[in-house]
Each structure stands twice: as structure tokens, then as C-alpha cells.
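My questions all concern the structure below.
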Amino acid sequence: MKFWLNSILLIGLGLAGLSACEKPDDRVVLQPSGTVTLTSNATSLSLSADQSTQNAVTFTWTPAQYGYQAATLYTVQLDKVGNNFAAPVEISAGNSTSAVVTVADLNQNLLRLGLPAGSAGQVEARVRAELVLNGTTAATTMPTYSASTTLTGTPYLVVIYYPSIYVPGAYQGWAPDQAPKLSSVTNNKIYEGYINFPGASEFKLTSVPAWSGTNYGAGAAGKLSAEGSAGNLSVTTPGYYLLKADLNALTYTLTPTTWSVIGAATPKGWDADTPLTYDATTGTWRGTVALTKDVLKFRANGAWDINYGDTSADGLLDLNGDNISVPSAGTYTVILDLSKPGNYTYRLIRQ
């Protein structure tokens, strides 16, 4: 009996010793043999709104080899050059070893990555391969990644057309069909837009780009009138004005503006503005500014009453939006375009 008890004790101690030697992290992790190689049929990409449904780029790659029949999940990742795929956008390819991306989808992804519309930018693409067991990504495998390839493209602005009224006047030849617009982003009959008056000028508002609709002129101070006998609205001082019109209350306001950039990325930081200059030829505000890798905003009249940021990092400006990131230090052409109401944009072009 003593012999059997000793034997059982020795076996138990041996098993305990084996268990103690096995660390929780000492697990076999499956890795594919060889590498996954990614290729694309184009690296310089042409993007335009009128070709949005066409294919922009086709990615193909060699399959991951695990040494046995294995289901593998593939995902194409895109990120800005130099970001090391810290925050990529992803395109799921399932079990396929190729992915076709349309112009519209690629354009949206470039905007999501923060490439401003109208400016050429570069992104890196790579493919991630993961082993799938029982319908889910296997916990005992590490994803494998292809080497990256660089793509160059210029995303375009997806212009949204909002309900609009028109601003014909002496400053542009009283031509409603060629007049700047005010737009109602929320379709509530409250309109706004920016108008450059190169001199003192009279003007009216029209409901359509012709004189055949409802025309609005001056009523009492700050008021609009739709009466046929209403006089013209007017500005007495040249300038770049924010014009707002509320057709529910029949009121309007005119705010003269000058524009600047401010922020940690700008020469004067958050303490003072760096002014921009209006370019009547392009209808934009511009400046050549030495910027650091930090953030900035656009604001009017050296104050915070009217300021724009870019909350979605898509090149479209948002009133009181988030700070705009400058990707790297350098001298930039800074462009502010407020000519399309509801679609205010900016560009930071490094020289």
C-alpha cells in the first residue's frame, strides 16, 4: 500500500511540475509561410465627379499560405503617407484576393483620411490577411500584412445643392441667371452666402435665376419687401459681405468681413491673426503662410463670432468646427473659398 501511495504522490508532483513550467503565453501562433504581395493596376489616380461610378483602382494580392487548406479574410487598408497605418480606412475583400474600388468610394476614403479636396495627396495601401476558424478570426494567429504601395490622387469636392435664392445687382449687371446665390442648408427659408461688392451697389433678391419669380427689395430698415414697388437693397461701402435673408420673417443682415487664420500652427499662434487677401479673380481669400505641424482655424474680422473649422476633416468647413490639422511644417499657400454657400472649402498647399 505504501508503494502505491508513493507512486501516486510522485506522479502528482510530476504533473504539477509540468503545469508550472508551462507559461500562459507559451502558445503556438500560426503564421503563413512566405509573404503576401500587393499590386495595384494604377498608382496615379484620376478622380472626378462625372466618373464617380467608374473603377478607380484594382488591388490584387497573392494568397496567404498556411500550409493547409485555410479560409483567409483579406482587408485593404489605406492611410496617409507617414501615418504608419495608425488610423486607416478599410475595404473588406472577404476571401477574395482582389478588390475593385470605384472613383466615388476612393474619393470618399481620401476625404475621410483628411486629404483636402482639390489638392494632390498621397496615401499608402496594404492588405491584411487573417486566418478564419469556425467563421471567426482565429485568436491563435497573428494578422500578416503586405508591403505597402503608394497612391497619388486629388479628391474632388462633392457639392451639395441646397435650396437657393439669387442676388442680382448693379455690381454684376443685374443678371439673375449669373448672380451669386444664398442657400438654405436646412431648407427652412433662411438663406446665407458671401457676396463681394467691389463698390457701393444696389441689388435685389430673386426666388429664381430670372425676374419672373418673387423678387425681394427693401422694406423698413433691415426688412425685405416682396411688393413690386419695393426699392432696391444697397451697400454703401465696398467689401466682402456675409448676407443673410430670412424669408419667413422677411428680414436680412449684411456683415462686412475680412478673413485670417489663427492657431498654434500660424506665425502668431492663438494670440493674433495672420491676414489673408481677397483675390477677385478666383473669388477666394489667399495667403502665403509659414505653418508648423499643429492646428489652425479661419475667422472673420479678428474675432470668434464667425469662425470655421473642419469637424469631419473632409475639406468642407463647419461653422465653429474643430481645429484644422496642418500635416507638416513648411510654407503653404492657404486658400479660403466661401463662394459656394453650404459648401465652404479650404486648401493648404505646401510650396
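Every number in this text was worked out from the coordinates using simple rules, so none of it is lab data. For clarity, every value in this text was computed on a predicted model and none was experimentally measured. Backbone-built Cβ (ideal geometry, glycine too); neighbour counts: all protein chains shown.
Please give every one of the aspartates and glutamates within straight-line cross-link reach of Lys223, meaning a C-alpha to C-alpha distance under 13 Å, and leave out same-chain neighbours fewer than 8 residues apart.
Those aspartates and glutamates meeting the cut-off are Asp246.
Calculated from DSSP H runs of 4 or more alone, at -39500 (n - 2.57) each and per residue, what is the 222 nm mean residue ellipticity of the chain, nearest 500? Walk me through the intermediate numbers first.
On the way: 2 runs with 30 residues, N = 351.
Using -39500 (n - 2.57) per qualifying helix, the result is -3000 deg cm²/dmol.
Report the one residue of Gly217, Thr75, Asn187 whose Cα lies farthest in the direction of the positive end of the charge dipole of the chain (charges on C-beta: Lys and Arg +1, Asp and Glu -1; origin at the Cα centre).
Thr75
Taking only Cα atoms, what is the 0 to 90° angle, nearest 10, from helix 103-112's long axis to the longest principal axis of the chain?
Long axis of 103-112 versus the principal axis of the chain: about 90 degrees.
Compute the distance in nm between two label points, each set 7 Å from the Cα along the Cα-to-Cβ direction, one at Thr333 and one at Asp294.
In this crude label model, Thr333 to Asp294 measures out at 2.6 nm.
Between Ser44 and Ser234, what FRET efficiency comes out of the Förster formula 1/(1 + (r/R0)^6) with R0 = 51 Å and r the beta carbon distance, rounded to 0.05?
Working: r = 51 Å, r/R0 = 0.99.
Step by step, r from the Cβ atoms, then E = 0.50.
Right, another one. Decide, for region 164-257, between rounded, prolate and oblate: order the square roots of the alpha carbon gyration tensor eigenvalues as a ≥ b ≥ c, take rounded if a/c falls under 1.5, and otherwise choose prolate if a/b is larger than b/c, else oblate. If you can, show how the numbers build up before the last one.
Numbers: a/c = 1.22, a/b = 1.15, b/c = 1.06.
It comes out rounded by the Cα gyration axes.
Suppose we keep just the DSSP beta bridges with both residues in the chain; what percent of those would be antiparallel, to 5?
95
Restricting things to alpha carbons, tell me how big region 38-153 is in terms of Rg and Dmax, in Å.
Considering region 38-153 through its Cα atoms, Rg and Dmax are 14.9, 48 Å.
Modelling each spin label as a point 7 Å along the Cα-to-Cβ direction, I'd like the Ala249/Val81 distance in nm, to one decimal.
5.1
Further question on the same structure: Express in whole angstrom the spacing between the alpha-carbon centres of region 153-221 and region 288-351.
Centre-to-centre distance over Cα atoms comes out at 24 Å.
OK, next. On C-alpha positions alone, give me the angle between the axis of helix 2-21 and the longest principal axis of the chain, in degrees, nearest 10.
The answer is roughly 30 degrees.
Measuring from label point to label point, each 7 Å out along Cα→Cβ, what is the Ala175 to Tyr278 span in nm?
According to this spin-label approximation, the distance is 2.0 nm.
For an R0 of 22 angstrom, estimate the FRET efficiency from the Cβ-Cβ distance between Gln108 and Thr150 and round to the nearest 0.05.
Efficiency, rounded to the nearest 0.05: 0.65.
If you don't mind, another one. Taking neighbour Cβ counts within 10 Å as the exposure measure, how do Val334, Val132 sort from fewest upward? Please report the intermediate quantities before stating the final value.
Details: Val334 24, Val132 15.
Neighbour counts put them in this order, fewest first: Val132, Val334.
For a Förster distance of 35 Å, can you work out the FRET efficiency between the beta-carbons of Ser225 and Asp322, rounded to the nearest 0.05? It would help to have the intermediate numbers written out before the result.
Numbers: r = 40 Å, r/R0 = 1.15.
According to the calculation, E is roughly 0.30.
Which residues does a label at Trp304 reach in region 251-270, if reach means a backbone N under 15 Å from a point 7 Å past the Cα toward the Cβ?
Answer for this model: 262-264, 270.
Hey, what do the phi angles of region 171-188 turn into as Karplus ³J(HN,Hα) couplings, whole Hz, using 6.51/-1.76/1.60 and θ = phi - 60°, x for Gly and Pro?
Residue by residue, region 171-188 yields 5, 9, x, 6, 10, x, 6, 10, 7, x, 10, 10, 10, 10, 5, 9, 6, 10 Hz.
Cα gyration tensor of region 259-350, axes a ≥ b ≥ c as square roots of the eigenvalues: rounded (a/c below 1.5), prolate (a/b > b/c) or oblate? Numbers along the way, then the final one.
On the way: a/c = 1.29, a/b = 1.19, b/c = 1.09.
Here region 259-350 falls in the rounded category.
When the Karplus curve 6.51 cos²θ - 1.76 cosθ + 1.60 is applied with θ = phi - 60°, which whole-Hz ³J(HN,Hα) does each residue of region 149-158 get, with x for Gly and Pro?
Taking θ as phi minus 60°, the curve returns 10, 9, 10, 10, x, 10, x, 10, 6, 8 Hz for region 149-158.
Now for a separate question. Add +1 for every Lys or Arg and -1 for every Asp or Glu among the other residues with Cβ under 14 Å from the Cβ of Ser164, and state the total.
Working: positive: Lys181, Lys189, Lys244, Lys340; negative: Asp177, Glu192.
With Lys, Arg at +1 and Asp, Glu at -1, the net is +2.
Please tell me the relative contact order of the chain in percent, rounded to the nearest whole number, where contacts are Cα pairs under 8 Å and at least six residues apart.
Over the chain, the number comes to 12 percent.
Give the aspartates and glutamates whose C-alpha is closer than 14 Å to that of Lys340, dropping any in the same chain fewer than 8 places away, or say none.
Glu192, Asp318
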